[in-house]
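Report on the following structure.
The values are calculated or read from the model by the stated rules, or taken from the named source; none is laboratory data. What you see is a predicted model; the values in this text were computed from it and never measured. Quick reminder, even Gly has a Cβ in these numbers, built from the backbone with ideal geometry, and neighbours come from all protein chains shown. Side chains are part of the model used for accessible areas, which takes the heavy atoms of the whole protein and leaves out ligands, DNA and RNA. Shrake-Rupley method; radii C 1.70, N 1.55, O 1.52, S 1.80 Å.
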Amino acid sequence: MSIKQSLIESVVFELYKQASIEIPPDVMRALQKGYDLEDSLVAKGQFEAIMENINIAHTKQVGMCQDTGVPIIYADLGLKAQVEGDPYEAFTEAIKKATTAVPMRQNVINPLTKKNSGTNTGWGIPYVHWDTLPDKDYLDILAVTKGFGSEMRGSQCWVLSSEDVGRATVKAVLDVVADSMGEPCPPVIIGVGIGGFADSSMSIAKKALFRDPIGSRNPDPDVAALEEEIETAVNGLNLGPMGFGGKTYTLGVHAELSGSHTAVMPVSVIFQCWACRYAKARIHNDGRVEYITHPHLGGK
Amino acid sequence: MSKSYHFTFPLNEEQIRELQLGDLVYLTGNIYTMRDMGHRRAVDMLNEGKELPFDLASGAIWHCGPIVRKDANDKWETVSAGSTTSSRFTYLGSDLIKKVKLRATIGKGQMLQTAVDTMQEVGSVFLNTTGGTAALYAQQIEEIVDVHWTDLGLPEAIWVMRVKDLGPLVVGIDSHGRSLFNDKKIEMDQLLAQTYKDAKIDPTYNLAYLPKRVPASGTKK
Ligand code: SF4
């Protein structure tokens with residue numbers, strides 16, 4: 001028994017199709033909740049346009065946003081599972097196929113020559129985060145494609161350990177929000193990485209964006225208290241959907257903490273726009289596939 | 001109270017000057033998508049005294065890179081089309097507005113002060129869409145009429161689209177020096193000051209050690 005390259009490819013293709021077209025159900029619930037909370041016509045109107053758009057994308061089976069992003073994959077491999085073939089090749093082929101079949105916009109270029117590969121792959125894309133799951137016999141794949149309106153507002157600062165890092169974190173997020181306003185297409189999810197290194201800090205912030213369900217709290221009570229405080233503070237700025245004014249700028253603040261250096265530590269902030277394009281599946285060693293974020297679609 | 005306007009291209013200065021911040025606009029006619037590389041090429045060409053291969057001034061610029069595909073007759077069709085972040089085009093966009101007397105720019109988020117000043121001077125407006133609702137706007141696009149500069153990659157190409165009642169678009173910058181996001185910023189800054197106070201954060205105290213630019217002191221000895 002093993003997980004075959006061809007199976008990985010067909011599952012990842014399905015995931016990118018789901019991600020580009022269908023919003024995860026918990027995001028839809030969060031949007032509905034945001035709509036219900038608003039009392040101004042302007043804010044309600046923005047939510048209405050977003051929810052109508054989601055329905056049109058579903059009915060017509062087209063990308064919900066034109067910026068279908070840049071593909072990132074989080075792959076967690078159970079150490080009791082066995083993979084046959086080259087999973088990276090499977091990811092790459094699935095994305096190439098999804099680019100023409102879904103279709104997804106051809107976004108990936110070489111940053112210096114600006115040549116567009118036309119396939120959303122190449123020069124290290126898809127970017128894959130590998131992790132291991134001891135004692136498990138499956139492969140978890142979270143396929144993400146993230147637009148850059150929210151990505152380019154990602155920010156990192158360094159805080160001395162002589163400072164109150166909690167206060168610094170609150171200020172970092174507020175400053176990034178105040179600078180971004182409507183640009184990352186709010187309502188957004190805000191990922192925060194407290195500590196770690198330059199790369200790992202942003203990595204944990206980004207992965208936190210895909211926490212299931214949206215708005216749930218970090219199990220560490222100190223971190224959870226900061227999440228709660230930041231969420232209230234950010235929504236209190238009356239920026240609302242698209243920054244035109246309203247109560248819901250963020251659908252959830254998800255913070256993660258990582259051990260860091262005794263001198264100074266990074267605090268990283270990143271947004272995920274309302275158009276959450278991600279989908280997750282579990283491939284068992286016996287070939288069974290479970291679709292986790294979009295169970296209602298069933299896959300194959 | 002905001003008003004609603006249905007305009008068919010070409011737009012004239014009188015129509016544009018009538019629009020006030022927050023008014024709703026629906027547009028009919030040909031619009032031109034333009035992103036970073038398209039702006040760069042257009043401005044470079046005009047600076048070199050060359051003519052653009054399309055008549056921008058007859059329509060509007062849309063900060064958009066659509067998803068497109070060929071239909072059964074090998075003709076391009078729009079799958080999804082929505083706005084990209086407009087602040088990126090503040091400077092090159094302002095150049096274009098001046099050079100071709102462009103009357104309308106469609107996008108999301110904001111264009112910064114230089115654009116506000118340029119629009120006031122020329123008689124031009126910035127129209128806000130809802131960001132990301134690209135399946136919705138695709139329904140308002142009747143046809144892809146033409147495409148230019150596909151060598152820049154499909155997202156960066158200039159797609160000439162015939163739209164019908166594209167909207168509602170919100171006047172985000174009018175031709176009287178006013179900007180929705182600037183007004184919003186003024187309001188937000190007050191709330192922010194109170195929020196810092198409540199959170200026991202001194203807004204003038206820079207909690208972040210980096211990034212910061214420390215200028216050299218004195219002269220080289
Ligand atoms: S920020 Fe998100 S919703 Fe907005 S245009 Fe970009 S990808 Fe689409």
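Observations on the model:
- Residue in the range A:120-128 that is within 16 Å of the ligand (Cβ to nearest atom), under 30 Å from residue B:69 (Cβ atoms) and facing chain B (nearest Cβ under 9 Å) present: no
- Checked against the criterion of being facing chain A (nearest Cβ under 8 Å) and open to solvent by 70 Å² or more (accessible area, probe 1.4 Å), the candidates B:209, B:205 yield just one match: B:209.
- Selection of the range A:199-222 for residues being more than 26 Å from residue A:152 (Cβ to Cβ) and either surrounded by 13 or more Cβ atoms within 10 Å (Cβ to Cβ) or touching a Ser or Thr at 6+ places or on another chain (Cβ under 8 Å) (or both) yields A:216, A:217, A:220.
- The condition (being closer than 14 Å to residue A:269 by Cβ and assigned to a helix (DSSP H, G or I)) is satisfied by just one residue among A:223, A:176, A:159: A:176.
- Checklist (1) more than 17 Å from residue A:202 (Cα to Cα); (2) within 16 Å of the ligand (Cβ to nearest atom) applied to residue A:270, failing item: (1)
- Residue check, residue A:144 within 14 Å of chain B (Cβ to nearest Cβ) and buried (at least 21 other Cβ atoms within 10 Å of the Cβ): no
- Residue match in the range A:245-252 (condition: away from the ligand (no atom under 16 Å from the Cβ), open to solvent by 50 Å² or more (accessible area, probe 1.4 Å), without any contact (Cβ under 8 Å) to a residue 24 or more places away in the chain and within 14 Å of chain B (Cβ to nearest Cβ)): no
For (1) closer than 28 Å to residue B:182 by Cβ; (2) assigned by TED's automatic domain parsing to the domain that holds residue A:230; (3) touching a strand residue (DSSP E or B) at 6+ places or on another chain (Cβ under 7 Å); (4) within 16 Å of the ligand (Cβ to nearest atom), each residue gets a yes or a no:
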{"site": "A:162", "(1), (2), (3), (4)": "no, yes, no, no"}
{"site": "A:170", "(1), (2), (3), (4)": "yes, yes, no, no"}
{"site": "A:173", "(1), (2), (3), (4)": "yes, yes, yes, no"}
{"site": "A:176", "(1), (2), (3), (4)": "yes, yes, yes, yes"}
{"site": "A:189", "(1), (2), (3), (4)": "yes, yes, yes, yes"}
{"site": "A:193", "(1), (2), (3), (4)": "no, yes, yes, no"}
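- Residue match in the range A:156-168 (condition: within 14 Å of the chain's Cα centre (by Cα) and aromatic (Phe, Trp, Tyr)): no
- Only one of B:162, B:178 that is under 16 Å from the mean Cα position of the chain (by Cα) and basic (Lys, Arg): B:178
- Residue count for the range A:263-296, restricted to those that are within 14 Å of chain B (Cβ to nearest Cβ) and more than 18 Å from residue A:69 (Cβ to Cβ): 7
- The lone exception for residue B:41 - which of (1) surrounded by fewer than 17 Cβ atoms within 10 Å (Cβ to Cβ); (2) of a type in the set (Lys, Arg); (3) under 25 Å from residue B:82 (Cβ atoms) it fails: (1)
- Members of the range A:198-223 found to be of a type in the set (Val, Ile, Thr) and within 15 Å of residue A:293 (Cα to Cα), listed by number: A:214
- Just one of the numbered conditions (1) closer than 27 Å to residue A:182 by Cα; (2) within 16 Å of the ligand (Cβ to nearest atom) is not true of residue A:40: (2).
- Number of residues in the range A:44-95 that are part of a strand (DSSP E or B) and either at the interface with another protein chain (Cβ under 9 Å from one of its Cβ atoms) or more than 16 Å from the ligand (Cβ to nearest atom) (or both) equals 8.
- Taking the criterion of being part of a helix (DSSP H, G or I) and either open to solvent by less than 50 Å² (accessible area, probe 1.4 Å) or hydrophobic (A, V, I, L, M, F, W, C) (or both), the only residue of the range B:16-31 that qualifies is B:16.
- The number of residues in the range A:1-43 being assigned to a loop (DSSP other than H, G, I, E, B), closer than 17 Å to residue A:245 by Cβ and open to solvent by less than 50 Å² (accessible area, probe 1.4 Å) comes to 2.
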